[in-house]
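The values are calculated or read from the model by the stated rules, or taken from the named source; none is laboratory data. Bear in mind the structure is a predicted one, so any value in this text is a computation, not a measurement. Here the Cβ positions follow ideal geometry from the backbone for every residue, glycine too, while neighbour counts run over all protein chains shown.
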Amino acid sequence: MRGGRCPSWRGRCDVGRYRLSPLMRWLHALGVVVAYVVVTGVLFWLDLGDGGVAPAWTIVAVPFFYAVLSLLFLRRGSLARRLSWVGGACLTHVTLGLTAAAAFATLADLTTLSALAYAFARLGPAPFLTLVATPLVLAPFRGRVLSPRPAPRGDRARQRAVVTPTTPVETPVARDARRHEDPAEAATPVPAVKPSAAAPETPEWQESPESPPDDAVVRVRFERVAAQLPAAAFTLPMDRVAESLREPHWLTVPRRVVLAQLPEGAVQVHWAIVASQFPALAFAMSDVEFRGQYPNLKLTLPLDDVLRQLPPGVIPTGWTPSQIAGLEAFPAPFQPLPVPRDVPAASARPGGAAADLPPAVAAAPPRRTPPPPPAPVAPPRLAPPPPAPVAAPPRDPVAESLRSAPAAPTITPPPAPAIVTSAPPLPIPPTRVAARAPAPPREVAPEVISRDALTRLAACLAGAGTFESWSGVVESVPLVAFVAPTLPREAVTAVAARVAGLLGAAAGEQVTVRTARAAIVVSAAPTPVVVGARRPGAPVALLELRAARAAGLIGRAGEGVTPPSRALSALAVEPRVAGVAGTLEAFGDLEPAVLTDAAGVARVYVFREPGHEAERLGELALAVWDGLGRTRDADLGALVSVIFRQGRRRILVRPLAGRGTTLLAAAGPVARPGRAWREADRAAAALEAR
Amino acid sequence: MSIINYAAKVINFKLVYYGPGMAGKTANLQFVHRCLPDDNRGNMISLATGDDRTLFFDFLPVSATSVRGFTTKFQLYTVPGQSRYNMTRKLVLRGVDGVVFVADSQWDRLKENVESLRNLNDNLREYRLDLATVPYVVQYNKRDLPDVAPIDYLEYTLNRGTRRVPAFEGVAVTGKGVFDTLNTLSRMVLLREFGQVQEGAS
């Protein structure tokens, strides 16, 4: 009865009794009988007289009393089981009465009829004691009455007569499991479980109505699934529940259930499949409550246990690698180094030179062979590899020592800039901003940035897109670049190198170059960080934020380079241009100016905050144009705009269509960069329409 | 789909390491990155969380042999194995040329393997691809651990589709099976691209 919530009833029918062996059950019943006889015998000996005669209805009421008791005691049982229990209780009641009568006859030399009269009526307390003693006698057998498996006592008695009583009956699955546990037996092939073949030896198993004779089972040790059960739903600890199982310490599952789930890589059985194997008294709640609280309770079976019990042939054995015709025509494309890089040099190469190098030499940057002459076509990102013959490539001890450098992103000054990656530096183009000013002394050298530091910088770009990392020197400018694989890295870094020299006090800490097909963000740092992404693609604002974060890891940038001064003269501001200034609301209040160079070829429409010199802005715009405007990379497309960031201030430069060089430059504090960019776009369209 | 640059004579292939979380996909790439000569490898980008779970994906460009005058370059990607990152896995699979399915051999990870393989097939179908047609190999990783399933059962659950593909036992952290897996898949991709007659391999 899972609904054993009545404390008094549970107190009398301790669940621990269910675990009693059959012998102990009978001894328990016998003890109750003896106690009953002693108590009634003492009462009879005291002779309560006629005043203690019980009323006649006490005899008639006995079956009804037990019927009521069965409703409480066997709530989960069927009507037939209740009726049989009531019958058994009545029979026990009579037996107790007869025993008491026999005792009375012995004590007082009564006739049989008188002794019976005393036992059932004349000794008033006796019938009531019998009513109490009968449930106590039957209590140890209550679990068997409630068990779904019938317990035909007569059949079992007959089986004991045939089978040796001291040897427990071994089911086919139990024998199968014992074979697996016994190495000697496990070595022999295990035949598939065939209940029909094992029928003569397994009468008890075949009796089970829940496991048809034609259905094999798989046994799993309860301890391996016990943790999946809700301990709060049981009144007993799990080790005691294991002892109380129908087959102690084992759960059985139909093999058909297991086979159906084998391809899934896990075998889960629903609780309903194994519920009947648990003792009813082990539960702290009724069956309905249990299913309500744990509607989808499933037990995941240990596959190693399960697979060992499956007959051969269920899972094909003799695994052999698959062969594909034609593969042998291609040599293995990748040949690994004999020893991975993280192996210490001393162990990687006995007597290796790297370990013998003095620290100063070991810390020096790698010297590469001079770069090849400039090619008309941008070189590939990775140099064409030698045709895979790497049996034992020569190892560069300096490079090895660099790879094992500490992970901190510190950058040490090198004797001369060099390129870490295999790509050679690009030839210096004739027109570039960085080349106009003397190269500022760099605090750092880019090529010694460690791989770990590079990885940490890459982590700053999480979620901003897909990038290929690279570090090196382009046009004398050291760079750390993260470029989308769909963009040509050489073109991106070339653009970045030309604007990176402007960063600093003159133009700000970050610049964003938009071309027709790419967005390139360059953040000022001792080694500027370049992020290049395809447009349209990742949001440019996100790129700017992540690039600034990455640059912050490297350190503060230097002061930068002041754009070269030019002789710019102011032209009269037409009302139309003044009107355009009013449309650039995102930049705040702006004053317009129109500047032209000495030759009159370049014209710059300048919109700046009051108090700022228009000439400085014009010089910056022309410097940008000189560096980028004439660059028209096939993969990047034409220049669209260049935006410098100085805190909240933005300096926007964009070319205008028209004769010669016509530029728009706007500067001011910007709270909404997207709006500012759109307003500048419209302003450019208005100026182009002149 | 491979990307061919006829001007530069370069063919780019995209290989994706797929599998359940913590199966060893990133470990495969890391070992490849550690063991390839400098000339054959680029920088590896790995975006991982604090507990070394791949957050977005790992990326490692490597270059290999020349075939018919074309330099072959392979871009190795991994996907985040955790089930919640399926959109990322779909994106990484776009344009894939070959797949390595990295399975965790431990008993308690078998279900995740099967679910991940099913997820791989589902995601491939969104690009009109199929495991029956895409070059594909299986690597049974973590074979050095004590509680691993037998290969027969792993083959039964993960490699019994319409075609049986090459499978390798692996221990990615030590490199066992890593290059066997990569080389076999690369050759399958090359075979698919260039066909049976291979003239210019060097």
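Which members of segment A:451-464 meet the condition of being more than 9 Å from every other protein chain (Cβ to nearest Cβ) and surrounded by 18 or more Cβ atoms within 10 Å (Cβ to Cβ)? Correct list: A:Ala453, A:Leu457, A:Cys460, A:Ala464. Look at segment A:263-278: where a residue is more than 16 Å from A:Val218 (Cβ to Cβ) and a partner is basic (Lys, Arg), sitting 6+ places away or on another chain with Cβ atoms under 7 Å, you get A:Gly265/B:Lys111; A:Trp271/A:Lys298. Among the residues of this structure, B:Arg187 does not count as one that is more than 8 Å from chain A (Cβ to nearest Cβ) and either under 17 Å from the mean Cα position of the chain (by Cα) or more than 17 Å from B:Leu15 (Cα to Cα) (or both). The numbered conditions (1) in contact with a Ser or Thr (Cβ under 8 Å, 6 or more places away or on another chain); (2) within 14 Å of another protein chain (Cβ to nearest Cβ); (3) crowded, with 20+ Cβ neighbours inside 10 Å; (4) at negative phi are all true for A:Gly265 except (4). The single residue among A:Ala541, A:Ala547 that is in a helix (DSSP H, G or I), closer than 12 Å to A:Val480 by Cα and of a type outside the set (Ser, Thr, Tyr) turns out to be A:Ala547. The residue of segment A:34-47 that is surrounded by the most Cβ atoms within 10 Å (Cβ to Cβ), among those that are under 13 Å from A:Ala102 (Cα atoms) and of a type in the set (Val, Ile, Thr), is A:Thr40. If you check B:Thr72 against the conditions, is it more than 16 Å from the chain's Cα centre (by Cα), β-branched (Val, Ile, Thr), buried (at least 17 other Cβ atoms within 10 Å of the Cβ) and on the phi < 0 side of the Ramachandran plot? Here the answer is yes, as B:Thr72 does meet what is asked. Screening segment A:572-680 for strands (runs of 3 or more DSSP E) wholly inside it with 1 or more residues that are touching a residue at least 40 places away in the same chain (Cβ under 8 Å) and in contact with a Phe, Trp or Tyr (Cβ under 8 Å, 6 or more places away or on another chain) returns the ranges A:602-608, A:639-646, A:649-655, A:661-669.
Picking from residues in segment B:151-161 that are surrounded by 16 or more Cβ atoms within 10 Å (Cβ to Cβ) and more than 7 Å from chain A (Cβ to nearest Cβ), the one that is modelled with the lowest pLDDT is B:Asn159.
Looking only at segment B:119-141, decide whether some residue is within 24 Å of A:Pro263 (Cα to Cα), charged (D, E, K, R), touching a strand residue (DSSP E or B) at 6+ places or on another chain (Cβ under 6 Å) and not in a helix (DSSP H, G or I). No, because not a single residue in segment B:119-141 is within 24 Å of A:Pro263 (Cα to Cα), charged (D, E, K, R), touching a strand residue (DSSP E or B) at 6+ places or on another chain (Cβ under 6 Å) and not in a helix (DSSP H, G or I).
Could you please find all residues in segment B:88-108 being assigned to a helix (DSSP H, G or I) and closer than 20 Å to B:Leu131 by Cβ? Selection gives B:Thr88, B:Arg89, B:Lys90, B:Leu91, B:Val92, B:Leu93. Taken across segment A:481-493, residues that are more than 13 Å from every other protein chain (Cβ to nearest Cβ), assigned to a strand (DSSP E or B), closer than 29 Å to A:Arg535 by Cα and at pLDDT 50 or above do not occur at all. Residues satisfying the criterion are absent from segment A:547-558 (criterion: within 28 Å of A:Ala657 (Cβ to Cβ) and in contact (Cβ under 8 Å) with a residue 24 or more places away in the chain).
Of all the criteria given as (1) under 13 Å from A:Ala665 (Cα atoms); (2) in contact with a helix residue (DSSP H, G or I) (Cβ under 7 Å, 6 or more places away or on another chain); (3) of a type in the set (Gly, Ala, Ser), the one not satisfied by A:Ala586 is (1). How about segment A:16-57: which of its residues are aliphatic (A, V, I, L, M), modelled with pLDDT of 70 or more and not in a helix (DSSP H, G or I)? Selection gives A:Val53, A:Ala54, A:Ala56.
To keep it simple, each residue is scored yes or no on (1) on the phi > 0 side of the Ramachandran plot; (2) surrounded by 21 or more Cβ atoms within 10 Å (Cβ to Cβ); (3) of a type in the set (Val, Ile, Thr).
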site	(1), (2), (3)
B:Val99	no, yes, yes
B:Ser105	no, yes, no
B:Arg118	no, no, no
B:Glu126	no, no, no
B:Leu131	no, no, no
B:Tyr140	no, yes, no
B:Arg163	no, no, no
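Every condition in (1) more than 10 Å from every other protein chain (Cβ to nearest Cβ); (2) in a helix (DSSP H, G or I) holds for A:Ala533 except the one numbered (2).
Please name all residue pairs, on different chains or six or more residues apart, with Cβ atoms under 6 Å, provided the first residue is in segment A:474-492 and is over 17 Å from A:Ile554 (Cβ atoms) and the second residue is surrounded by 21 or more Cβ atoms within 10 Å (Cβ to Cβ) and among the acidic types (Asp, Glu). Pairs that qualify, where the first residue is over 17 Å from A:Ile554 (Cβ atoms) and the partner is surrounded by 21 or more Cβ atoms within 10 Å (Cβ to Cβ) and among the acidic types (Asp, Glu), are A:Val483/A:Glu468; A:Pro485/A:Glu468. If you filter segment B:8-18 down to residues that are of a type in the set (A, V, I, L, M, F, W, C) and at pLDDT 75 or above, you find that the one that is surrounded by the fewest Cβ atoms within 10 Å (Cβ to Cβ) is B:Val10. Can you name every residue in segment B:17-44 that is over 17 Å from A:Leu454 (Cα atoms) and facing chain A (nearest Cβ under 9 Å)? B:Phe31, B:Val32, B:Cys35, B:Leu36, B:Pro37, B:Asp39, B:Asn40 - these are the residues of segment B:17-44 that are over 17 Å from A:Leu454 (Cα atoms) and facing chain A (nearest Cβ under 9 Å). Within segment A:290-311, the residues that satisfy the criterion of being of a type in the set (S, T, N, Q) and surrounded by 14 or more Cβ atoms within 10 Å (Cβ to Cβ) are A:Thr300, A:Gln309.
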